[in-house]
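FYI, it's all coordinate maths here, none of it is from the lab. Since the structure is predicted, the reported quantities are computational estimates derived from the model, not experimental observations. Quick reminder, even Gly has a Cβ in these numbers, built from the backbone with ideal geometry, and neighbours come from all protein chains shown.
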Amino acid sequence: MNLTDWIGRSERVCDTATPTPYAALSATFDREPTRPEAGTPLPPLWHWLYFLPLVRQSEIGPDGHAKRGGFLPPVPLPRRMWAGSQFTFHKPLCIGDALERTSTIIEVSEKSGRTGKLVFVKVRHEIRREGEPDVALTEFHDIVYREAARPDDVAPPPKAAPATCAWEKRWVPDDVLLFRYSALTFNGHRIHYDRKYVTEVEGYPGLIVHGPMVATLLLDLLRHQMPDAQVLSYEFRAVRPVFDINTFSVCGEPQDDGKTIHLWAKDHEGWLTMDATAVIA
């Protein structure tokens with residue numbers, strides 16, 4: 001089987017940006033859970049509340065994801081992680097909008113890393129309002145598949161987060177926070193809620209905090225500190241997993257040009273876990 005045969009595959013999904021998921025994520029992020037009126041712009045990345053992966057229960061694989069070989073290629077490696085994403089926000093998406101998302105696999109590559117074989121898959125998502133030709137949001141999603149953990153695996157050396165920042169907010173990633181985010185995004189991946197699975201099968205020390213949630217919390221920090229800023233582009237890279245057994249912080253630092261915001265997450269020991277950049281107007 002040649003995994004590169006999946007390059008060029010695409011799928012189209014339609015959805016409506018309804019108010020209840022918006023209010024539910026607001027509550028999850030400890031904000032007032034007000035159901036917004038039609039026309040209220042979605043905060044950046046909150047489109048992840050829609051276009052949910054509605055996979056039948058009989059088609060779920062052992063890790064809680066859909067079985068391999070549908071839209072995504074059937075990569076024969078057991079561990080799957082969200083490695084990073086890049087976004088361009090062309091126009092706002094709003095509550096009440098009828099939306100369509102076209103997803104295309106644009107790259108599949110195999111490499112050998114420190115812990116063995118790796119497969120990288122890159123997907124492009126384009127979101128439009130139904131009936132409009134122009135793209136409102138372009139997103140690139142980087143997925144990495146890895147071999148099963150081995151007893152002799154050695155973790156890569158950690159990288160220190162920046163020592164100072166303009167903004168910082170600490171989060172306690174308890175089981176309820178992880179459960180609520182998994183439920184809101186219909187994410188069945190067992191690494192986020194099944195402690196026995198994540199520690200005994202995948203070899204991690206605790207439940208893994210969702211990379212997309214951390215990426216969203218970084219932009220939520222920016223939104224809180226600069227409520228009038230319009231995010232034009234955003235990219236993030238997952239550096240190190242965050243586990244529910246300790247707190248973590250999201251941090252930000254505006255750059256001298258006044259348009260670039262450096263954002264990052266760090267664990268309780270000060271190690272960098274996510275690195276991100278936003279460009280604002």
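Quick one: how many lysine pairs in the stretch 3-280 have C-alpha atoms under 19 angstrom apart, if they're 8 or more apart or on different chains?
Working: K67/K122; K91/K259; K111/K122; K159/K266; K169/K266.
Final tally of qualifying lysine pairs is 5.
Using the crude model of +1 on Lys and Arg Cβ and -1 on Asp and Glu Cβ, and no other charge, please compute the dipole size for the stretch 21-145 relative to its Cα centre, in debye to 20.
Around 620 debye, computed over the stretch 21-145.
Are there trypsin sites (Lys or Arg not before Pro) in the stretch 237-281 that DSSP puts in a loop and that have at most 14 other Cβ atoms within 10 Å, and which ones?
Sparse-neighbourhood loop trypsin sites (Lys or Arg not before Pro): K259.
Taking loop as defined by DSSP and a crowding limit of 12 other beta carbons within 10 Å, which chymotrypsin sites (Phe, Trp or Tyr not before Pro) in the stretch 171-277 fit?
Passing both the DSSP loop test and the Cβ count: F186.
Helix by helix through the chain, keep the DSSP H runs that span 15 Å or more along the axis on Cα and average at least 0.5 on Kyte-Doolittle, and give those back in order.
Within the chain the helices that satisfy the rule are 211-225.
In the chain, once you exclude exposed GluC sites (Glu not before Pro) (DSSP loop, at most 14 other Cβ within 10 angstrom), what's the longest stretch remaining?
On the way: sites that count: E37, E130, E269.
Longest stretch, sites excluded: 131-268.
What's the FRET efficiency of R124 with R180 using the Cβ-Cβ distance as r and R₀ = 30 Å, to the nearest 0.05?
For R0 = 30 Å, the calculated efficiency reads 0.55.
If you line up the Cα atoms of the chain on their principal axes, what length do they span on each, largest first, in Å?
Computed over the Cα atoms, the extents are 50, 45, 35 Å.
Note the full-extension length gain between R56 and E168 as 0.36 nm times their separation in residues minus their Cα-Cα distance, in nm to one decimal.
Fully extending the segment from R56 to E168 adds 36.3 nm.
Of S109, S85, S58, which is the most mobile in a GNM of the chain whose springs link Cα atoms less than 10 angstrom apart?
Checking each option, the largest mean-square fluctuation is seen for S58.
Would you mind calculating the relative contact order of the stretch 3-280 from Cα pairs under 8 angstrom and at least 6 residues apart, reporting the percent as a whole number?
After rounding, I find 19 percent.
Taking R0 as 25 Å, what FRET efficiency do you get between T102 and T4 from their Cβ-Cβ distance, rounded to the nearest 0.05? Walk me through the intermediate numbers first.
On the way: r = 21 Å, r/R0 = 0.82.
About 0.75, to the nearest 0.05.
Bin by bin, in steps of 10 Å, what percent of the Cα pairs in the stretch 168-270 do you find, going until the bin that has the longest distance?
Final binned percentages: 14, 44, 30, 11, 2.
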